[in-house]
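Below is one structure, written out as structure tokens, with a few remarks after it.
The values are calculated or read from the model by the stated rules, or taken from the named source; none is laboratory data. All figures in this text were calculated on a predicted structure; none of them were measured in a lab. With ideal geometry, Cβ positions are generated from the backbone for all residues, glycine too; neighbour counts draw on all protein chains shown.
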């Protein structure tokens with residue numbers, strides 16, 4: 001029987017805070033503040049990608065999860081930056097030995113931002129509606145749940161068969177708890193239970209949160225957080241040096257010297273699940289339908305060059321990053337070898353291959369430059385089509401109209417995309433799908449991870465895509481800021497511990 005309590009969660013979070021400040025891989029020492037935290041402070045955080053709207057029920061994209069989950073919206077359970085699952089709106093939870101029954105005990109005294117009380121019925125309604133509404137993001141993650149009921153303060157989920165991913169799914173959008181009967185306009189407003197309240201959205205500029213003074217847990221340590229959307233790194237650096245922002249996320253590690261030179265900022269490098277994914281459109285009729293061509297492209301690419309150019313991160317040769325269950329070093333599958341790449345192209349009967357790379361225009365130009373150079377060495381001409389993100393979503397993600405595509409996939413534990421032939425990756429392998437299904441049905445965590453590792457190796461050996469690098473979380477933090485996460489910040493940015501001093 002698995003049982004987790006809020007006390008255990010508090011101890012994990014405290015330990016996590018120490019890890020973030022002292023043990024981030026490859027990071028500089030955490031900045032030291034010279035003054036006491038100011039509870040009335042306003043902290044400005046630079047972000048890169050602004051959401052198109054705020055409806056976290058239906059709108060895709062990590063830009064919403066990054067700021068809204070944890071801070072505004074919460075679930076029965078949440079996750080630490082280190083990917084530990086912890087109770088949140090549930091004071092504790094229990095899983096039956098057969099993996100078919102999950103019992104959550106709801107916290108007492110929780111209210112939504114509009115002052116309404118959180119009830120067990122709200123939880124039942126939220127999860128039931130999510131499951132029954134395909135238009136809501138991650139609805140399918142609850143497909144295995146057969147019933148959702150309340151008994152006093154307990155909410156019970158019953159499953160048709162074990163699902164090793166259920167708790168993790170409940171830490172994300174599938175588990176967000178909303179108020180039944182709420183009339184809020186979710187596209188521009190929000191009504192959650194979190195430590196911050198959405199106050200203002202100046203589209204094209206910034207989003208402002210203010211402290212929820214009626215929060216059921218420990219109150220936020222700053223009165224206000226302003227997310228400034230500044231896509232360009234040089235512009236973000238200028239804003240920091242001018243004292244306009246306190247934290248820079250998604251920063252360029254190559255600008256360390258410039259941002260640290262005045263002593264007001266320290267660059268921190270943390271782990272992440274960011275996967276720089278080069279997708280191959282493998283639909284019939286495409287030259288990329290041939291595994292030999294895909295493998296040739298992979299072996300033509302110098303992965304170390306990306307890490308060197310970005311100044312941070314590490315190489316990755318498979319679909320699972322080191323923070324996720326099922327990770328295995330797969331560098332043996334596609335080592336850098338231009339000669340082997342040319343031989344594979346010859347074997348496939350491919351000459352003078354011309355391909356187009358579709359890439360959102362906010363990514364560094366060094367990424368397509370390296371790809372163009374590497375592929376040119378083996379006789380592949382690569383044209384680069386740099387587009388705005390909405391165009392990428394329509395052409396690549398929705399219509400699957402592309403040859404090669406690059407996107408930084410930030411989501412943790414998203415291997416399911418390789419087991420979904422309808423996803424824009426266009427990869428369809430029945431054995432991988434079966435192994436993934438087995439991993440979900442496993443009641444033992446080690447067994448589930450081993451099955452994922454086996455499936456991930458097949459995906460890599462199939463050259464289903466290439467993974468150019470596993471990105472680092474690059475964050476420049478003001479020396480008057482404490483409690484700023486530095487792990488996986490492109491995916492989730494829990495600001496409950498953020499504090500700012502005047503010194």
Legend entry - Given (1) closer than 30 Å to residue 288 by Cβ; (2) modelled with pLDDT of 95 or more, number of the condition residue 481 does not satisfy: (1)
Inset, instruction - Would you mind finding the one in 127, 100, 64 that is more than 15 Å from residue 152 (Cβ to Cβ) and without any contact (Cβ under 8 Å) to a residue 40 or more places away in the chain? - result: 64
Inset, instruction - Test residue 237 against the criterion of being in contact with a helix residue (DSSP H, G or I) (Cβ under 7 Å, 6 or more places away or on another chain) and either at pLDDT 95 or above or under 30 Å from residue 320 (Cα atoms) (or both), and give yes or no. - result: yes
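Identify, from the list 337, 346, 329, the residue that is modelled with pLDDT of 95 or more, under 11 Å from residue 299 (Cα atoms) and either surrounded by 18 or more Cβ atoms within 10 Å (Cβ to Cβ) or out of contact with any strand residue (DSSP E or B) (no Cβ under 8 Å at 6 or more places or on another chain) (or both).
Values: 346 fails: under 11 Å from residue 299 (Cα atoms); 329 fails: under 11 Å from residue 299 (Cα atoms).
It is 337.
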Inset, instruction - Pick out the one residue from 307, 293 that is assigned to a helix (DSSP H, G or I), at pLDDT 95 or above and within 21 Å of residue 412 (Cβ to Cβ). - result: 307
Inset, instruction - Please state which of the following conditions residue 296 fails to meet, knowing it meets all the rest: (1) more than 30 Å from residue 501 (Cα to Cα); (2) free of Cβ contacts under 8 Å to residues at least 24 places away in the same chain. - result: (2)
Inset, instruction - Working only within the stretch 456-491, note down all residues that are more than 29 Å from residue 304 (Cβ to Cβ) and either touching a helix residue (DSSP H, G or I) at 6+ places or on another chain (Cβ under 6 Å) or assigned to a strand (DSSP E or B) (or both). - result: 478, 481, 482
Inset, instruction - Scan the stretch 211-244 residue by residue and report those that are assigned to a strand (DSSP E or B) and more than 20 Å from residue 117 (Cα to Cα). - result: 224, 225, 226, 227, 228, 229
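Condition test on residue 181, is it modelled with pLDDT of 95 or more, in a loop (DSSP other than H, G, I, E, B), in contact with a helix residue (DSSP H, G or I) (Cβ under 9 Å, 6 or more places away or on another chain) and surrounded by 20 or more Cβ atoms within 10 Å (Cβ to Cβ)? Show your work before the answer.
Values: modelled with pLDDT of 95 or more: yes; in a loop (DSSP other than H, G, I, E, B): yes; in contact with a helix residue (DSSP H, G or I) (Cβ under 9 Å, 6 or more places away or on another chain): yes; surrounded by 20 or more Cβ atoms within 10 Å (Cβ to Cβ): no.
Criteria not met by residue 181.
Please enumerate the residues belonging to the stretch 371-387 that are in contact (Cβ under 8 Å) with a residue 60 or more places away in the chain and within 20 Å of residue 281 (Cα to Cα). It would help to see each step written out before you state the result.
Just the residues of the stretch 371-387 that are in contact (Cβ under 8 Å) with a residue 60 or more places away in the chain, to begin with: 371, 374-375, 377-378, 380.
The answer is 371, 374, 375, 378, 380.
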Inset, instruction - Take the residues in the stretch 308-322 that are under 15 Å from the mean Cα position of the chain (by Cα) and within 19 Å of residue 419 (Cβ to Cβ), then tell me which one is surrounded by the fewest Cβ atoms within 10 Å (Cβ to Cβ). - result: 321
Legend entry - Residue list for the stretch 126-166, filter: crowded, with 19+ Cβ neighbours inside 10 Å and assigned to a helix (DSSP H, G or I): 126, 127, 130, 131, 141, 142, 166
Legend entry - Matching strands (runs of 3 or more DSSP E) fully within the stretch 28-108 where at least 1 residues are more than 26 Å from residue 146 (Cα to Cα) and touching a helix residue (DSSP H, G or I) at 6+ places or on another chain (Cβ under 7 Å): 42-47
Legend entry - Of all residues in the stretch 80-115 being modelled with pLDDT under 95 and surrounded by 20 or more Cβ atoms within 10 Å (Cβ to Cβ), the one that is nearest to residue 412 (Cα to Cα): 81
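Being at pLDDT 95 or above, within 26 Å of residue 315 (Cβ to Cβ), surrounded by fewer than 14 Cβ atoms within 10 Å (Cβ to Cβ) and touching a helix residue (DSSP H, G or I) at 6+ places or on another chain (Cβ under 8 Å): is that true of residue 381 here?
Details: at pLDDT 95 or above: yes; within 26 Å of residue 315 (Cβ to Cβ): yes; surrounded by fewer than 14 Cβ atoms within 10 Å (Cβ to Cβ): yes; touching a helix residue (DSSP H, G or I) at 6+ places or on another chain (Cβ under 8 Å): yes.
Yes; evaluated as a whole, the condition is true for this residue.
Looking at 262, 285, 250, which is the one that is in a loop (DSSP other than H, G, I, E, B), free of Cβ contacts under 8 Å to residues at least 40 places away in the same chain and not assigned by TED's automatic domain parsing to the domain that holds residue 415?
Numbers: 285 fails: not assigned by TED's automatic domain parsing to the domain that holds residue 415; 250 fails: free of Cβ contacts under 8 Å to residues at least 40 places away in the same chain.
None of the others qualify; the one that does is 262.
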Inset, instruction - Report yes if some residue within the stretch 417-433 is under 21 Å from the mean Cα position of the chain (by Cα), farther than 28 Å from residue 142 by Cβ, surrounded by 14 or more Cβ atoms within 10 Å (Cβ to Cβ) and in contact (Cβ under 8 Å) with a residue 40 or more places away in the chain; otherwise report no. - result: no
